[in-house]
Amino acid sequence: MASYAESVLAPGERIVHRAAVSHWKYFASYLFAIVCFAGAVLVLVLSRHNQDLPAVVAAAPFALGVIVALVALIRRSTTELVLTDRRVIAKRGFISRDTVEMNLSKVESLHVNQTLMGRMLGYGDVTVVGTGSSLEPLQGISDPLELRRKLGEIAGGAPSA
């Protein structure tokens, strides 16, 4: 199945760079899911030694952990930030979709905001500013400096690899 960006490419337009949301953005969700899984295991162990605690009680924290982890993974996989040789395309969502496209001729700047932890782990927030408007900041993008470098190459007319 083609991505949203591939499905809206104009004839002759090509993708120069794809950015993805870092797994670090969802660290809290993943940690919560792990704690839920550990809680489910603990309930199972305790239920073997205590007849008053049914093992089925372990299903609740396990299910909660699965739901939290799946929501994080789905949000990550359904967010696209694509730089083509003509425009910037940002898309969020699975069931309801939010898309923004900006022609490169309208892009004035690309802001990258990285915290100390973001710099150490290679992620940051990216905001594309254009004439008259800007894209809503995309948070937790992996390697945002590479995206900025590729945009600079295209805007400067340099060939990209």
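Laid out as a table, the results:
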quantity: Residue tally, condition part of a loop (DSSP other than H, G, I, E, B) and within 20 Å of the chain's Cα centre (by Cα), over region 85-106; calculated: 5
quantity: Which numbered condition Arg148 fails, given (1) surrounded by fewer than 15 Cβ atoms within 10 Å (Cβ to Cβ); (2) part of a helix (DSSP H, G or I); calculated: (1)
quantity: Region 37-68: number of residues that are surrounded by fewer than 16 Cβ atoms within 10 Å (Cβ to Cβ) and either under 20 Å from Tyr26 (Cα atoms) or in contact (Cβ under 8 Å) with a residue 24 or more places away in the chain (or both); calculated: 4
quantity: Qualifying positions in region 69-108 - of a type in the set (S, T, N, Q) and either free of Cβ contacts under 8 Å to residues at least 60 places away in the same chain or surrounded by fewer than 18 Cβ atoms within 10 Å (Cβ to Cβ) (or both); calculated: Ser77, Thr78, Thr79, Ser96, Thr99, Asn103, Ser105
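Throughout, read-outs are computed from the coordinates displayed, never taken from laboratory work. In this text, all values refer to a predicted model and were calculated from it rather than measured experimentally. Backbone-built Cβ (ideal geometry, glycine too); neighbour counts: all protein chains shown.
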